[in-house]
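Okay, so here's the structure we're looking at.
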Amino acid sequence: MKILGIETSCDETAASVVEDGHQILSNVVVSQIDIFKSYGGVIPEIAARSHLEAILPVIDKSLTDAELTWHDIDAISVTNAPGLLGSLLIGTLTARTLAILHQKPLYATHHLKSHIYSNWLDLSLEDSKDPNSPRISAPPKFPLLALVISGGHTQIIRMTKHNHFEIIGTTLDDAVGECFDKVAKILGLPYPGGPAISNAALGHITLAAETSNQNSSTPESHDSSLKSYEISPGNRNRFIFPHPNVQKLDFSFSGLKTAVLRTVQKELGFPIDHPSYDLKNHLTPEQIADFAASFEKTAIDILLEKLSKALKDYPDTKSLVFAGGVSANSYLREAASAKFNSKNPVFPLKIYFPAKNLSGDNGAMVASAAYYEITSGVQPTDPYSLNIYPRIEIS
Ligand code: KG4
Ligand code: ZN
């Protein structure tokens, strides 16, 4: 079964054709990151307009890349929740129109469900195009725990079977990706903050365009508007940030962001009412690397500690699945693989990460999620009335 998946919930316009829930036949993603870098974050109205311009060419390309026509497509799936209202509207209205026009069954998928199902996709587009290529690993087994970590969510979700989700932990305030983005802003690193912090922690620093660093030596710049530095990796133990004391399996990340802010102010000798937007102008590249490395370690440690607790509460767990933009984080991948693996005497289980290019938003995961809805008996939705839900939990 060939499903066309359409994703426009935030700032990526994406479409993909996936066969039988795992074989990627095409995967087209147009990112608006370059537009939003200069604003330091997503502007919803601009995101919606950009989706409107990109959506039809992106869908056309997904069919061309897959060497298919509309005749070959068995169903359309689209993200209709949660996300930015205007962005969700563009994808959903486009999918509704195409479903009516081409008389295809239409499925609506929750964004977090799709992120989880990115772990069922074959790891490489090239491999999956080769009919003789075996899948790189067997798919996750149930019961499983999924850690969904994105710009808008931080949740632990338990699945006992396909298309069945129970939220067992959630953030009480900021999402972990949001925390990466806010800390990056304090340190003068560009949007999106996750990759920028990860690189800075390793000594590869590129400052956001508006940062005017006064304390640094001559930068090695590739682009005249962006200053970049290559220095030694940051010290992950230089700054110690407290772990939040949150009950059960829930998370909190707003305190960590404030702890970084206060520590930067203290390090620079400023009072706590010194404006956060000015701090970046006084940090040296070495200080930025140390803050990025110490923050990244703390954020990832907090996530992994909660996962250990969840695994103790659910000892029948067979697989551990990571999903969402933050799951691209290399430090997380290394730390999680060292802590949870089939040889670990306490938690002997298999862990899964999506391919790095499928950690962020894409249409392939939307198609995969719909495939497992269909095989679980879910009926198509009405293309004349499908609504969008900017804030709704997975169910
Ligand atoms: O899933 P996603 O692409 O969009 C949402 O559904 O929100 O996640 C975006 C988030 C952003 O906060 C971004 O900073 C974060 O994922 N992110 C990362 C990394 N790559 C993206 N966070 C940490 N390390 C990364 N390598
Ligand atoms: Zn996402």
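The values are calculated or read from the model by the stated rules, or taken from the named source; none is laboratory data. Computed from a prediction, not measured in an experiment: that's the story for all the values here. Cβ coordinates were reconstructed from backbone atoms using ideal geometry, including for glycine residues, and neighbour counts include every protein chain displayed. Just so you know, the surface numbers come from the protein's heavy atoms only, side chains and all, with ligands and any DNA or RNA stripped out. Shrake-Rupley method; radii C 1.70, N 1.55, O 1.52, S 1.80 Å.
For residue 76, the conditions (1) within 22 Å of residue 327 (Cα to Cα); (2) part of a strand (DSSP E or B) all hold with the exception of (1).
Of everything in the range 327-345 that is away from ligand 2 (no atom under 16 Å from the Cβ), in contact (Cβ under 8 Å) with a residue 24 or more places away in the chain and farther than 21 Å from residue 244 by Cβ, the residue that is most open to solvent (accessible area, probe 1.4 Å) is 330.
Step by step: first the residues of the range 299-326, then only those that are outside any helix (DSSP H, G or I) and within 16 Å of ligand 2 (Cβ to nearest atom), then the one that is surrounded by the fewest Cβ atoms within 10 Å (Cβ to Cβ). Which residue is that?
Result: 321.
The one condition from (1) touching a helix residue (DSSP H, G or I) at 6+ places or on another chain (Cβ under 8 Å); (2) closer than 15 Å to residue 114 by Cα that residue 12 does not meet is (1). Of all the numbered requirements in (1) more than 16 Å from ligand 2 (Cβ to nearest atom); (2) at negative phi; (3) open to solvent by less than 20 Å² (accessible area, probe 1.4 Å), residue 203 misses one, and that requirement is (2). So, of the residues in the range 378-395 that are over 30 Å from residue 311 (Cβ atoms) and not polar (S, T, N, Q), which turns out to be surrounded by the fewest Cβ atoms within 10 Å (Cβ to Cβ)? Top of the filtered list is 384.
None of 54, 48, 15 is touching a Ser or Thr at 6+ places or on another chain (Cβ under 6 Å) and either modelled with pLDDT under 95 or open to solvent by less than 10 Å² (accessible area, probe 1.4 Å) (or both) except 15. Summed over the range 141-160, residues that are open to solvent by 10 Å² or more (accessible area, probe 1.4 Å) and either in contact (Cβ under 8 Å) with a residue 24 or more places away in the chain or in contact with a His (Cβ under 6 Å, 6 or more places away or on another chain) (or both) total 8. A residue that is within 13 Å of ligand 1 (Cβ to nearest atom), in a helix (DSSP H, G or I) and in contact (Cβ under 8 Å) with a residue 24 or more places away in the chain cannot be found anywhere in the range 370-388.
Between 155, 214, 247, the distinction of being at pLDDT below 95 and within 24 Å of residue 312 (Cβ to Cβ) belongs to 247 only.
Against the list (1) outside any strand (DSSP E or B); (2) under 18 Å from residue 390 (Cα atoms); (3) within 16 Å of ligand 1 (Cβ to nearest atom); (4) not charged (D, E, K, R), the condition residue 93 fails is (3).
Every residue, every condition in (1) more than 16 Å from ligand 2 (Cβ to nearest atom); (2) part of a helix (DSSP H, G or I); (3) among the β-branched types (Val, Ile, Thr), yes or no:
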position: 157; (1), (2), (3): no, no, yes
position: 163; (1), (2), (3): yes, no, no
position: 167; (1), (2), (3): yes, no, yes
position: 181; (1), (2), (3): no, yes, no
position: 189; (1), (2), (3): yes, no, no
position: 194; (1), (2), (3): no, yes, no
position: 198; (1), (2), (3): yes, yes, no
position: 210; (1), (2), (3): yes, no, no
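You will find that of 264, 260, the residue that is in contact (Cβ under 8 Å) with a residue 12 or more places away in the chain, outside any loop (DSSP other than H, G, I, E, B), surrounded by 19 or more Cβ atoms within 10 Å (Cβ to Cβ) and over 26 Å from the mean Cα position of the chain (by Cα) is 264 and no other.
The residue that is farthest from ligand 1 (Cβ to nearest atom), among those in the range 267-320 that are small (Gly, Ala, Ser) and under 15 Å from residue 184 (Cβ atoms), is 276. The set of residues in the range 79-89 that are in a helix (DSSP H, G or I), surrounded by fewer than 24 Cβ atoms within 10 Å (Cβ to Cβ) and in contact with a Ser or Thr (Cβ under 9 Å, 6 or more places away or on another chain) contains only 89. Where residues in the range 18-39 are in a loop (DSSP other than H, G, I, E, B) and crowded, with 17+ Cβ neighbours inside 10 Å, which of them is nearest to ligand 1 (Cβ to nearest atom)? This residue is 32. Condition test on residue 336, is it within 16 Å of ligand 1 (Cβ to nearest atom) and in contact with a Leu (Cβ under 7 Å, 6 or more places away or on another chain)? When the stated conditions are applied, residue 336 passes them.
Here residue 357 clears all of (1) open to solvent by 50 Å² or more (accessible area, probe 1.4 Å); (2) in a loop (DSSP other than H, G, I, E, B); (3) within 16 Å of ligand 2 (Cβ to nearest atom) except the condition numbered (2).
Scanning for something more than 22 Å from residue 178 (Cβ to Cβ), in contact (Cβ under 8 Å) with a residue 40 or more places away in the chain and touching a helix residue (DSSP H, G or I) at 6+ places or on another chain (Cβ under 8 Å), does the range 301-317 turn up at least one residue? Checked against the condition, which is being more than 22 Å from residue 178 (Cβ to Cβ), in contact (Cβ under 8 Å) with a residue 40 or more places away in the chain and touching a helix residue (DSSP H, G or I) at 6+ places or on another chain (Cβ under 8 Å), the range 301-317 yields at least one hit.
When you look at residue 362, is it within 16 Å of ligand 2 (Cβ to nearest atom) and either assigned to a helix (DSSP H, G or I) or open to solvent by 30 Å² or more (accessible area, probe 1.4 Å) (or both), yes or no? Judged against the criteria, residue 362 is not a match.
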